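Read the structure below first, then the notes.
The values are calculated or read from the model by the stated rules, or taken from the named source; none is laboratory data. Computed from a prediction, not measured in an experiment: that's the story for all the values here. Don't worry about glycine lacking a Cβ; one is built from the backbone with ideal geometry, like all the others, and counts go over all protein chains shown. In case anyone asks, the SASA skips ligands and DNA or RNA and just uses the protein heavy atoms, side chains included. Shrake-Rupley method; radii C 1.70, N 1.55, O 1.52, S 1.80 Å.
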Amino acid sequence: MNGLIMDYPLTVPAILKRAAQIYPEKEIVSRLSDGRITRANYGELYERVVRLMNVLRDLGVRPGDRVATCAWNSQRHLELYFAIPCLGAVLHTVNHRLSTDQIEYIVNHAEDHILFLDKSVAGMIAELQPKLPQVQHFVVMEDYSEPPSAYPTPYLDYETLLASASNAENFPDIDERAASGLCYTSGTTGDPKGVLYSHRSMYLHSMGVCLADSIGVSERDTVLPVVPMFHVNAWGLPYACAMTGAKQVLPGRNLLGAPIASLIESERVTLTAGVPTVWKLLHQHLKQHSYDTSSLHTIVVGGSAMPASMIDAYEKDFGIKVLCLWGMTETSPVATISRLRAGMSDLSPSDQLKVRAKQGIPLPGLEIGIRGDGNEVLDWDSEQVGEVVIRGAWITSGYYKDERNLNALTPDGWFKTGDIAKVDRFGYMEITDRKKDVIKSRGEWISSVDMENLIVQHTDVLEACVVGRPDANRDEAPVAFVVLSNERPHEAMIEEIIVLLGTHFASWQLPRRGDFHFVEALPKTSVGKLDKKVLRARLEAGLSE
């Protein structure tokens, strides 16, 4: 028997049309490379998206074609977020911070026929052009950056194309299960792997992000996504904001310290999101300079663990809540979030902080579990540690054009994340490591994440990264790379850090004194995560700097 509910398509065009009809006056603010600010609204966005859809048609784009973008967070990039999937094509956001070899692989693997790019990356794309034979058109978007070393030849100008395009509306019928987006993993091991998102998955993910017990994006918010739009759709925030009519503030390419602080102040930002490195540097800047951040109620943090000490510092120093979440390219990406539930209001402040620093519970529509080495289901008891598995409405079932899909899932169909975690009886997950980063010493696992978070609690430590090295007696031994926030004698710092670590770790688990290395900076991946493989390579080469 058929149900009595309408079959309403869950698609990206539905998000766009709602924004234009219900919230046409709500602002979209962009900061360009030279600092100038541009302003538009959802009504104007809709009109430009319609023209851009006709540009894409004229350039030969058909349903299912992949169209690449190589751009920062801006109104023009947002227009592409809607125009490409609204035409039935697939939005492929390319992480232009990756190595040129990886960009070449990604664009060719996706078989992109058109590439839209900011002027600031034109020189890099021009160098790659001979290695991208399938790309038929390069479209350059003005971002008022310095003139590039070269442009792809020939290239088309974005605004010129829009000015001459038809404004006739022609939205095709789209199957909600058709692909709308394509993102590639950062490729820390092997070639990057492609993850396709459907219209249905992006629509449901947007709803999940807007839930009150999730990120909670609402019409009242002014949202500043510091997480780049080239990285897993800026955590879905551009679509979630359009769905709810939230004002969007798109920061361009300047993402650290003063530029972010000034946008928070001038645009009265209420909610912002990015990786921990951004917020550690912003906290330093805010402590040293005066800004009005009274509008900002929430900083959303993901990508890696946010130290509890930094969560506490933002609240005590500026009255700003830090909200921790977890996800990955394969989960669209928001999967879990750590908000205190009502029954936790009686916990002590320190116990509440411990909960808030976890990665949290799964959003509605998703399920998580932890599995042992033999795929056995482990209990949620805050003690058992295993690999996180997940399934749900916006979780990948495999990789694009990749025969390794069978290795991505458990025999019973859950996605294997590669993250190691434990879960408490309330369902709050706490990531302890990546599977490839876990340190095994004397048959026991040492959490490098826990060790890093303890080290950065020291007031003179800016950042820390812990990796394992081979050890004849312990199998592996932890090695700590530390960035100091001021000049301190290293021997004294080692003693103080060892005392700090001793409050949580057994003596045999601690790094030896010779396994502390003080460095000027830590290597980061293209999306701001600690790049541990670089540090392991330094150790293998006998280098500490």
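Quick notes on this one:
- Once C-alpha pairs closer than 8 Å and six or more residues apart are averaged by separation and normalised to the residue number of the chain, the relative contact order reads 10 percent.
- Virtual paramagnetic centre 7 Å along Cα→Cβ of Glu142, amide N under 18 Å, in the stretch 29-47: 30-40
- Listed peptides 111-124, 49-62 by packing density, highest first (mean Cβ within 10 Å): 111-124, 49-62
- Convex hull of the stretch 88-238 built on C-alpha atoms - directionally averaged projected area, nm²: 11.4
- Fraction of the pair-distance distribution of the chain above 33 Å, Cα-Cα pairs, percent: 42
- Residue separation of Ile22 and Arg268 scaled by 0.36 nm, minus their Cα-Cα distance, works out to 86.3 nm of gained length.
- Rounded percent of accessible protein surface that carbon and sulfur make up, the stretch 416-498, 1.4 Å probe: 46
- Projecting label points 7 angstrom from Cα along Cα→Cβ for Leu347 and Ile5 puts them 3.3 nm apart.
- Burial order of peptide ranges 231-241, 168-178, 63-73 (average beta-carbon count within 10 Å, highest first): 231-241, 63-73, 168-178
- Three-way shape label, the stretch 281-349, alpha-carbon gyration tensor, a/c 1.5: oblate
- Mean-position separation - Cα centroids, the stretch 325-398 and the stretch 46-109, in angstrom: 32
- For Lys435, the residues whose modelled amide H falls within less than 5 Å of its own, excluding neighbours fewer than 5 places apart on the same chain, are Asp419, Ile420.
- Three-way shape label, the stretch 20-151, alpha-carbon gyration tensor, a/c 1.5: oblate
- The length gained by stretching the chain between Ser290 and Leu409 to full extension, at 0.36 nm per residue less their Cα-Cα distance, is 37.9 nm.
- Between the residues Ala258, Ala273, His113, the greatest Cα displacement towards the positive end of the dipole of the chain, with unit charges on the Cβ of Lys, Arg, Asp and Glu, is found for His113.
- Per-residue [θ]222 nm for the chain (sum of -39500 (n - 2.57) over DSSP H runs n ≥ 4, rounded to 500): -8500 deg cm²/dmol
- In this structure, Ala258 and Arg220 have a Cβ-Cβ separation that, at R0 = 30 Å, corresponds to a calculated FRET efficiency of about 0.65.
- Cα gyration tensor shape of the stretch 419-537, rounded if a/c is under 1.5, else prolate or oblate by comparing a/b with b/c: rounded
- Relative to the Cα centre, the charge distribution of the chain, modelled as +1 at Lys and Arg Cβ and -1 at Asp and Glu Cβ, gives a dipole magnitude of about 320 debye.
- Residue separation of Met124 and Arg513 scaled by 0.36 nm, minus their Cα-Cα distance, works out to 135.7 nm of gained length.
- DSSP bridge pairs, the chain: antiparallel proportion in percent, nearest 5: 60
- For the residue pairs Lys280/Lys524; Lys247/Lys287; Lys287/Lys529; Lys354/Lys440; Lys287/Lys358, the C-alpha atoms sit more than 21 angstrom apart in Lys247/Lys287; Lys287/Lys529; Lys354/Lys440; Lys287/Lys358.
- Residues of the chain: accessible area per residue with a 1.4 Å probe, Å²: 42
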